[in-house]
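For reference, the structure is listed below as structure tokens.
Here, each number is a calculation from the coordinates, and none is a lab measurement. Here the structure is a predicted model, which is why all the values come from computation and not from measurement. Reconstructed Cβ throughout: ideal geometry from the backbone, glycine too, with neighbour counts over all protein chains shown.
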Amino acid sequence: MLKKCFAFLILFIIVFLPAIDDDVWTTSLDKMSSLLELIKKNYHREFEYDKGVYASIRGMLHTLDPHSYFLDPESFSRMQEDYRGKYFGLGILIQKQEDRLVVISPIEGGPASRLGIQAGDIISHIEGKSTKPISSLDAVHLLRGPKGKPVNITIVREGLDEPLELTVVRDEIPLHSVPYSFMLTEDTGYIFIRNFAETTTDEFEGRIRALEIQGMKRLILDMRGNSGGTFLQALEISDEFLARGDQIVSIRGRNKGYNREFFAVRDEQYENLPLVILINQGSASAPEIVAGAVKDNDRGIIVGQNSWGKGLVQTVFPLSPNTAVALTTAKYFTPSGRSIQKYSSVDNYVLHQAVPEEEREVRYTAKGRKVLGQGGIAPDYEVDFLYSNITASLVFRGRFFTYAQKFVNGETPLSKTLLFPSNESESSPGKQGKININRGFKVGQRVVEDFRNFLTKGGFEFSQKDFTDAEEEIKRELEREIYSSYFGIEEGIRVFRKNDPVVLKAIEVFSEAAALVRDR
């Protein structure tokens, strides 16, 4: 019922807006049409009319703000994929490592997995064209397409003399917005929300129920790097933790038809669950609504970095069956009445410059805690999680991933000589006779030295001092990649999060989160 109510409200806002005056619309279109016809007739080479129209629309929207934008057929299709939580493609996670397009993991049961594509494979060509000069985002666009339509790729695999030429038929692949959840301790659950899509609340509820069965008594909700999504899902996720009647957010626009207040409407969910939310500079829009609602209602503790500061609401207006305009139609305000919108000019917004505290409005939470506007959501506890230069370079160049692949397959000097205890149920098929790692495995000094030798032999230049200074970071990354390679990506993430400084701080402040619940 809730979904239907919110969906109707959003539809109402879109459908019943006053129409643009016909004379103004006709005059504007005539001017644009005349210019495009002039270019088409006189330009020195063939002019693509559609591209000209699209560029005109983009140019006009660019004068408004960074969040009003045109969705051409390709970007409109991608937006629908993100919203619906599925796409048509090969079912692989890929990453650009230097000039190589590397398969990080095939998705179980997907077309790529069924054809035997493996983690570590390099996609050297797509439809006969080299992948060296393109980005991973460009590669995603090339690999996705209509269901049932084939795509030709060339795979380079270490140990094979010749590349593999494969034709993969695209199929429907789920695009989970809540990809990871697990128990960090015997009573601490962890859920990561990647973005807010049509399926987010359903995915979240499935994940949190599973954690309850495993004994969860408190929750870390990680929304770091979450760049947003649908307004409705931000409301519903907030409602999971707030008591009925608590305000979630309000929106106000120049057009008064957008002015609304939104409140929690359900009870008996997770209103009494101690909660810590993780955010960073990449948390924008929808996760800021959730974090703002939780903080301003004194419902939980926020840990991490100051969030992005996007306090604007966009409405998507279809222009045709496969094009649309996303137009900023309102600002939103947290329950304390603050706008978190950061930028005053496009330049400082893009550069992510901090807003001086003296320029930010002061508001207060339900219990009188001071909160600030005009600069995102400030955490209760600020914890920076930044890589050193050497670690960042090793991640970017794929050295941790490549080493882990070799390590679990017994292809490094250390992994050829050691045998870790395992139980049969945790062994991966095809690894018999090679190194087995049980779930208690820790990266120690012998692995670090094995990795150092791997880097040296591979020609990676580094300072021994820099390596030593970053050794704890390097151990965490090695542990994550080794577990991911052997037990799967989610297990690698779980092990990594147990040593994540932001997560460790979250666990430390749970007593405060529990006190907020008791005092409500």
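General observations
- The largest-to-smallest principal axis extents of the Cα set in segment 180-382 are 47, 47, 33 Å.
- Seen from Ser307, the other residues with C-beta closer than 11 Å to its C-beta sum to a net charge of +3, counting Lys and Arg as +1 and Asp and Glu as -1.
- Viscosity 1.002 mPa s, temperature 20 °C, Stokes-Einstein D of segment 88-167 from Kirkwood C-alpha radius, µm²/s: 171 µm²/s
- Isotropically averaged projected area of segment 35-86, using the convex hull of Cα atoms (one quarter of hull area), nm²: 4.8 nm²
- Residue-count net charge about Gly215 - beta-carbon cut-off 9 Å; Lys, Arg +1, Asp, Glu -1: -2
- Stokes-Einstein D (µm²/s) once Rh is taken as the Kirkwood radius of segment 265-394 over alpha-carbon pairs, at 10 °C in 1.306 mPa s: 97 µm²/s
- Summed residue charge, Cβ within 9 Å of Asp298's Cβ, Lys/Arg positive, Asp/Glu negative: +3
- Cα-based Rg of segment 233-294 normalised by 2.2 N^0.38 Å, two decimals: 1.20
- When each of the peptides 478-486, 73-81, 109-117 is scored by the mean number of other C-beta atoms lying within 10 Å of its residues, the order from highest to lowest reads 478-486, 109-117, 73-81.
- Unit Cα scatterers, Debye sum, segment 33-166: log10 I(q)/I(0) for q = 0.09, 0.15, 0.16 Å⁻¹: -0.41, -0.86, -0.91
- Relative contact order for the chain, counting Cα pairs under 8 Å that sit 6 or more residues apart, in percent: 11 percent
- Mean projected area of the convex hull spanned by the Cα atoms of segment 363-410, taken over all viewing directions: 6.3 nm².
- By the count of other C-beta atoms within 10 Å, a proxy for reagent exposure, Arg207, Arg58 are ordered fewest to most as Arg58, Arg207.
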